[in-house]
Structure formats: C-alpha cells, structure tokens
Amino acid sequence: MLKVKDTLRATVNLSFDGRVFKTYHGPNAAERFENEVRVLKHLEAHGCPFVPRLLEADRDKLRIVTTNCGGRVEQLDDKRRLELFAELEKYGVRHDDPDVRNVTYRFSDGRFCMIDFEFATILPGAGSKPTPNEAPKT
C-alpha cells in the first residue's frame with residue numbers, strides 16, 4: 001500500500017488494486033468517521049457521480065474503504081473550485097472544507113471529484129429533494 005496522507009486527523013493509504021483506506025485518529029475521530037460514512041451514504045443514495053463510493057466502514061477500527069476518485073489536483077482557479085463545491089450542494093451536501101486539497105481528477109472520464117467529507121453537512125431537507133437524476137415524486 002502507498003501512504004498518501006498522514007496527519008493528526010487521518011491516515012490515508014491507496015491499495016495496489018485502487019481502493020482507498022482512511023483511518024481516523026486524533027480529536028473527535030469517532031464523530032468524524034460517523035459523519036463521513038453518513039455523508040457518503042447520502043451522496044450515493046442521491047446518485048452523486050463525482051465522489052468516492054463507500055465500500056466498507058469499520059467502527060471498531062475507525063476505518064473506511066472507498067473507491068479511488070482520481071489523482072490529487074495541485075492547482076485550480078478559485079472560480080472553478082467554487083463551482084465544483086456548489087455543484088455538490090445540488091445533492092444536498094455542503095462540503096465545509098472547500099479547499100483544492102479536497103478535489104481530485106478522474107482521468108477515466110475527465111471529471112473533477114470531491115473527497116474528504118468528515119466535516120461536511122447534509123443540508124436540511126436534503127433527504128426529500130429529488131436529485132438531478134431523479135424525477136420529482138407526485
């Protein structure tokens with residue numbers, strides 16, 4: 001495995017088969033773990049195509065395993081960065097850490113993606129809003 005991040009809050013490793021392993025530690029690790037799991041499940045349920053998919057969540061180890069959502073982006077102009085994070089809100093989530101370090105680029109389809117949802121917020125009423133891929137309920 002390749003270590004791609006090791007900070008006071010989390011360690012992230014990339015496996016050779018492309019899975020991402022994130023282990024939480026430090027202050028409020030359990031709460032950050034629970035929040036990221038909740039947000040990733042919400043985004044998947046709402047059909048968001050530009051975030052990692054949650055494959056496993058281990059509460060005992062405070063570790064998640066996700067799909068790889070591309071390589072890190074080193075530079076992105078502020079206008080485009082803000083557009084990307086605003087697009088996420090269409091799926092009922094505010095990232096709350098809209099920094100370029102939380103943007104990746106997926107070469108397979110030429111898409112910018114968002115990662116690192118431990119501080120994200122599911123917006124009020126987001127559970128009942130139709131997503132862009134879903135017809136309104138009548």
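Numbers for the structure displayed
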{"read-out": "Unmatched cysteines, the chain - criterion: no other Cβ of a Cys under 4.7 angstrom", "value": "Cys48"}
{"read-out": "The range 74-115: relative contact order in percent, alpha carbon pairs under 8 Å with at least 6 residues between", "value": "32 percent"}
{"read-out": "Over the chain, relative contact order from alpha-carbon pairs under 8 Å, at least 6 apart, %", "value": "22 percent"}
{"read-out": "Cα long-axis angle, helix 29-45 against the chain (0 to 90 degrees, to the nearest 10)", "value": "40 degrees"}
{"read-out": "Dipole magnitude (debye, nearest 20) for the chain, charges at Cβ of Lys, Arg, Asp, Glu", "value": "160 debye"}
{"read-out": "Which label in (1) 12, 43, 36, 9, 1; (2) 12, 39, 33, 13, 2, 0; (3) 13, 49, 34, 4, 0 gives the computed P(r) over Cα pairs in 10 Å bins from 0, in percent", "value": "(1)"}
{"read-out": "Amide H contacts of Leu55 (H built 1.01 Å from N, under 5 Å, at least 5 apart or other chain)", "value": "Val65, Thr66, Thr67"}
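A short reminder: the numbers here are calculations on the coordinates, not readings from a lab. Since the structure is predicted, the reported quantities are computational estimates derived from the model, not experimental observations. Note: ideal-geometry Cβ built from the backbone for every residue, glycine included; neighbour counts use all protein chains shown.
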